[in-house]
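Right, one structure below, let's go through it.
The values are calculated or read from the model by the stated rules, or taken from the named source; none is laboratory data. Source: prediction; values computed, not measured. Virtual Cβ from ideal backbone geometry, glycine too; neighbours counted across all protein chains shown.
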Amino acid sequence: MHVVAKADHVVALSGGRVEFSGSSADFMRTPLYASLVAAAAAAADHESGKAAGAGDGDAAAAGEAVKAPQRPSGEKAAAAEDATGASAAATTLTTREEKARGAVPLGTYMVYLRYCGGRRTGVIVLLVYLVTELIAMSSNVWLSMWATNAATNAASDDTRAYLAVYLSLVLVGTAGSPLRFTLIFTAMRRGCVALHRGILRAVAVGTMEFFDTTPMGRIMTRFSRDIDLVDNGLQMTMQGTLECLFSITSSMLITIVSQPIVLVVLVPVLSFYYRLMIFYNSANREARRYTSVMKSPVFTLLTELTTGIDTIQSFGKMSVVMAEALDRLDVVYSCTQLENAMRQWLAVRIELLSNLIVTAITLAGVVSAVTGFGASNIGLVSLSLTMAMQTTGELNWLVRMVATVEADMNSVERLQYYMDHTAKEDMPTIDEEVAALAARAEEGADATGTVVVEPAGPAGAVTQAVQAGSLVFDGVQMRYREGLPLVLRDVSFRIAPREKVGVVGRTGSGKSTLLLTFLRMVEVCGGSIAVNGRAIGAYGLRELRRQFSMIPQDPVLFDGTVRLNVDPFLEASAAEVWAALELVGLRERVAAEAEGIDSRVLEGGSNYSVGQRQLMCMARALLKKGSGFILMDEATANIDPALDRQIQTTVMSAFAAYTVITIAHRLHTVAQYDKIIVMDHGVVAEMGSPRELSERPGSVFRGMVEALGPSESARVMQLMAASGSSAAPR
C-alpha cells in the first residue's frame, strides 16, 4: 500500500468488478483504502509475530534483512499456509540451535572411539606410542651414558659398541614415528567416515518437519565445518596431544630418576599446572562452542543471499543486508579474538611454570655437583636439564592441544546429536550394502552398484505395469507436529481408478496438505487412508511413493542429459523415451539438438523454458514404472493459458490410464475432470462432478466460478460443456 501515494491513477478491483478508479488522493480518502491498510497492518503484525518466535541460535534478527518472510516453494509453501491458524508458541518457524554446556561427556569420547575401531584399537595405538617413545628416550639415555663413560674412562675401547647400539636405537625410533602416525590416521579416518555416513543417512531420511524447522545454514555447518574439524583438525590435534603427553612424561621420568629431590618443586608446580589447564579448558571450550553456533547464521544468510539476491536488489535493500552480514561477521570475529586472547593469557603462565621447573633442575644439579649431596649420573642430569628446557614449549602446546581436542570433540558431539535426535522416516539400514560396495572397491573389483533404500516391513514387489490406483480417505485428521492445531479434520472421500480429480479451495484450506498425506511426508494422527485397498501404513515408504508420480508447481530438472532427467533410473528404452517426449509435445524440441535425448540439460533446466520444463516433468511421470497416480500441485499456475491448454490436453490423453489428482489454481484447469473436491479450513466442504456442483444453489464451487467474473466464468462453463457436463449457474 505504500506505493499508492506515488501513483497517478488508482484502479481497485474486488470480486471481478472495478470498485474505484481515480486519483490516488481521492482513493486514500475512501473507506476501501482504510480497510486495505488495516488488513495489511494486521497481516504484517501476524508475520512479525511469527518471525519473532523464530530462532536460529542467536540470529533471530536475520529476518530484518528483508522485510518479508521467506517462503518455501511448491507443496511446502502451501503446507505452511495451511498452518497459519496456529498459536504463536506452536508456530515457531525454526528450532533454536542446540548448544551443550560444560565438559564434553565421556560418552562422546567412547562413541568416537567405537567409530574408530573400539577399545582394542585405542589400546593398540597407546601401546605403539609408548613403545616408540621408550625407544626414542632410550637413544637419548644411551647417548648420555656414552658421554659420561667417555669423560670418566678416557682409555675405554667401547666406542664402537656404543655407536652400534645408538645407531640401532635411532633407526628403530625413526621407523616408529611414521608407524604410529599411520596407525592413528587410519583409525581416525575410519571414525570420520562412520560419522559422515551416519549424519548423511540421518539427514537424508529426515522428516519434512526437520527440514521445515532447521535452517539450511545450520545443516551446511554440520557438513562443512564440523566434518572438516573431525576429518582434519581432530586428527592433527589428537596426534599432537599424544606426542606431547608421552614426550613430557618421558622428560619428567628422566628428571625424577636423575634427581629425585626435584619432586619437592615438581609436584606443586605440576599440580598448579593441572588446575591451570582445567581452568583454561573450561573457558576455551565455551568460547569454541559459541564460535560454532555463531557461524551458522553466517551460512544461513549466505544461503538466503544466493536464492534471493534478485529480490533484495529490486527492493534496494543491499545496504541493509550488507549491514546485517557485517554484524554477523563481527560476532564471529569477536569470538575468534577472545580465543586468541585466552591463548596469550595461557602462554604467559605456562612460561612461568616451565621456568620454575628448569630453575629447580639447574639448582639441584649445581648443589649435587658442588656438595656431592644426592650425587647422580652427570650425563642424566645434563639430559634432564636439556629436556626440561624443551618441555617449556611442550607444556604450553599440550594445554592448547588438550583444549583443542575437547573443542573439536564438540563437533563430534554436534554430529552425534543430529544422528540421534533427527526425526527420521521409516527407512532400513543400508550401511551394510554400502560397506560391501566399498570393500569390493578396495579389493580392486567392480564396485558399480545401486543401494536400494527399500523400507523395512511388509513391502511387496513393485508392479512394473501401469495400473491406475484407488484412494480412500476415512475420517483423516492431521497436524504438522505436536502442539499445532489440526490441519485436516475428518476428511473422507473416495477416488476410483482412472478418475481425474481436482482439488480446489482458497489459500490455507488444506489442498496441498492432502498430497503430503498421500506420500506420508507427514503422518496422520487420526482416521485411515487406503491405497489400492491396502492401508497406507502397511506399505513401506519407497513402495508407497513409487506408486505416485509428482509434478510440482516448480519444475525440477538436473544437470545432465535429457534422458537422465526424464528417466533417472534408466528403466526405459530409447524408443520409450522418444514416445513419452512425443506425447507431451517435446519431441521436436529435443530432436532439434544434435545429440537428441543425450543432449545436455543445464542446472535447473535453464536452457529450456518454464513450460518446456513442466512438460519434461510430465514425460518423467509417464516413464516412471509402477506408478498409478499422477499428482499435480498447481503445476500450471505459472505458465501461459495456451501452454496450460496443451498440458491439460496431454493430461486427458497421455494420462488416461492413470488416476490424476490435481491441486487447481485455475478453475478451468479442472473443469473437464470427473470429480471436484472443495476444501475449506481443513474439511471437505463439498464433492461431486463439476456439473453437479455448479448447479447446486449456494455451492462453494459455484461461488468460486461466479467470482471469476463474466468472461472467465463463461470460459469455465464452455469447458464443462465441451466435456459433456455443462451447466450454468443460476
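Going residue by residue through the stretch 635-655, is there one that turns out to be modelled with pLDDT of 85 or more and touching a Leu at 6+ places or on another chain (Cβ under 6 Å)? No, the stretch 635-655 has no match at all.
Within the stretch 407-424, residues that are assigned to a strand (DSSP E or B) have Cβ atoms under 8 Å from residues that are not small (Gly, Ala, Ser) in these pairs: Lys424/Val205; Lys424/Thr207, counting only partners at least 6 apart in sequence or on another chain. Of all residues in the stretch 467-481, those that are farther than 16 Å from Lys511 by Cβ have Cβ atoms under 8 Å from Cβ atoms of residues that are part of a strand (DSSP E or B) and of a type in the set (Lys, Arg), 6 or more apart or on another chain, in Ser470/Arg494; Val472/Arg494; Gln477/Arg489. For the stretch 584-605, a residue qualifies if it is part of a loop (DSSP other than H, G, I, E, B) and among the β-branched types (Val, Ile, Thr), and exactly one does: Val584. Listed by position, the helices (runs of 4 or more DSSP H) enclosed by the stretch 170-276 that each have at least 2 residues that are assigned by TED's automatic domain parsing to the domain that holds Thr303 and closer than 24 Å to Leu398 by Cα are 234-258. Residues of the stretch 555-564 include none that is touching an Asp or Glu at 6+ places or on another chain (Cβ under 7 Å), assigned to a loop (DSSP other than H, G, I, E, B), in contact (Cβ under 8 Å) with a residue 12 or more places away in the chain and crowded, with 20+ Cβ neighbours inside 10 Å.
Per-residue answers, yes or no, for (1) under 30 Å from Glu523 (Cα atoms); (2) buried (at least 16 other Cβ atoms within 10 Å of the Cβ):
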{"position": "Val205", "(1), (2)": "yes, yes"}
{"position": "Arg222", "(1), (2)": "yes, yes"}
{"position": "Arg225", "(1), (2)": "no, yes"}
{"position": "Asp228", "(1), (2)": "no, no"}
{"position": "Asp231", "(1), (2)": "no, yes"}
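Just give me the residues in the stretch 568-577 being surrounded by fewer than 19 Cβ atoms within 10 Å (Cβ to Cβ), in contact with a helix residue (DSSP H, G or I) (Cβ under 9 Å, 6 or more places away or on another chain) and part of a helix (DSSP H, G or I), in sequence order. Residues satisfying the conditions are Ala574, Glu576. Return yes when Met687 is under 34 Å from the mean Cα position of the chain (by Cα), at pLDDT 90 or above and crowded, with 17+ Cβ neighbours inside 10 Å and no when it is not. No: the conditions fail for Met687.
So that you can scan it fast, the table gives a plain yes or no per residue for (1) in contact with a helix residue (DSSP H, G or I) (Cβ under 8 Å, 6 or more places away or on another chain); (2) polar (S, T, N, Q); (3) touching a residue at least 24 places away in the same chain (Cβ under 8 Å):
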| residue | (1), (2), (3) |
| --- | --- |
| Ala204 | no, no, no |
| Thr214 | no, yes, yes |
| Ser224 | yes, yes, yes |
| Ile227 | yes, no, yes |
| Met238 | yes, no, yes |
| Ile248 | yes, no, yes |
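Can you name the residue in the stretch 522-580 that is aromatic (Phe, Trp, Tyr) and more than 30 Å from Pro485 (Cα to Cα) and is also modelled with the lowest pLDDT among such residues? Among those residues, the one meeting the criterion is Phe569. Could you check, for the stretch 612-629, whether at least one of its residues is closer than 27 Å to Ala714 by Cα and modelled with pLDDT of 80 or more? No, the stretch 612-629 contains no residue that is closer than 27 Å to Ala714 by Cα and modelled with pLDDT of 80 or more.
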